[in-house]
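Heads up, the thing below is written out as structure tokens.
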Amino acid sequence: MKQHIKKSKYQTREQWLEAAVHQMEPLFKKQGYKVPKVRVSCGFPSSRALSRKNTAIGECWSKSAATDGVCQIFISPLTSKAVEAVDTLVHEIVHAVVGNDAGHGKVFRKCALAVGLTGKMTEAEAGKELLGTIAGWVKALGGYPHASLKPGRKPKKTQTTRMVKCECEECGYAVRTSRKWLAKAGAPLCPCNEQPMSYKVPAELEEDK
């Protein structure tokens, strides 16, 4: 079923996510934290992006990893619900605020709890009060201009080489050539005895005609 995307005043996911960061800045400021400059994109985290267990749906890259010194945050394209995307974004912004070196330890926990995240810190998500606040942000932002990807429908890998192995039955000399040249000039000749080499086109290549 085709996924319906709610009308949004933002054309790109990045614009929408960056606007969401601005929406949450006052919340962090109220708790004594300043949100640093960040870049936010929709993209797969570097690990566990498609894991069946403990799937990573967000990731914050430290400013030390960026050549311009600006943190970069990625929200998984598997996420299409606006509230979930912002909930994940809050978690990643906490990392940007306290620094990646803090991990999910005491410093992270203090900030996370202050802004309304709850639960196990490695999976900290919005509590009831913060969810209500996020709903207000989302209403102001409009629809998240994104449709989720389905992991089971990955794009097929394009076969870049369609070469057929040719081998001399007498000496074992082998080369590979394309079906085009086999059809045009026939099997190559072995340099040892100048006899045509034998070959067999693999079934997967036959089907790919």
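Filter segment 11-35 down to the residues that are assigned to a loop (DSSP other than H, G, I, E, B) and either buried (at least 19 other Cβ atoms within 10 Å of the Cβ) or touching a helix residue (DSSP H, G or I) at 6+ places or on another chain (Cβ under 6 Å) (or both) and list them by number. First the steps, then the outcome.
First, pick out the residues of segment 11-35 that are assigned to a loop (DSSP other than H, G, I, E, B): 11-12, 31-35.
Residues satisfying the conditions are Gln31, Tyr33, Val35.
Being in a loop (DSSP other than H, G, I, E, B), within 12 Å of the chain's Cα centre (by Cα) and under 22 Å from Met121 (Cβ atoms) is the filter here, so list the residues in segment 52-77 that pass it. It would help to see each step written out before you state the result.
At the first step, the residues of segment 52-77 found to be in a loop (DSSP other than H, G, I, E, B) are 52-57, 62, 66-70, 76-77.
Okay, now just the ones that are also within 12 Å of the chain's Cα centre (by Cα), so 55-57, 76-77.
Those that are in a loop (DSSP other than H, G, I, E, B), within 12 Å of the chain's Cα centre (by Cα) and under 22 Å from Met121 (Cβ atoms): Thr55, Ala56, Ile57, Ser76.
For segment 51-58, check the following and say yes or no: at least one residue is modelled with pLDDT under 95 and aliphatic (A, V, I, L, M).
Scanning segment 51-58 turns up at least one residue that is modelled with pLDDT under 95 and aliphatic (A, V, I, L, M).
Could you please find all residues in segment 100-138 being within 14 Å of Cys71 (Cβ to Cβ) and either more than 22 Å from the chain's Cα centre (by Cα) or in contact (Cβ under 8 Å) with a residue 60 or more places away in the chain (or both)? Working first, answer last.
Filtering segment 100-138 for residues within 14 Å of Cys71 (Cβ to Cβ) gives 100-102.
Of everything in segment 100-138, those that are within 14 Å of Cys71 (Cβ to Cβ) and either more than 22 Å from the chain's Cα centre (by Cα) or in contact (Cβ under 8 Å) with a residue 60 or more places away in the chain (or both) turn out to be Asp101, Ala102.
Identify all residues within segment 98-139 that are among the basic types (Lys, Arg), loosely packed, with under 14 Cβ neighbours inside 10 Å and not in a loop (DSSP other than H, G, I, E, B); write none if there are none.
Passing the criteria: Lys106, Lys128, Lys139.
The values are calculated or read from the model by the stated rules, or taken from the named source; none is laboratory data. Not measured: the values here are computed from a predicted model. Every residue, glycine among them, receives a Cβ derived from its backbone with ideal geometry; neighbour counts consider all protein chains shown.
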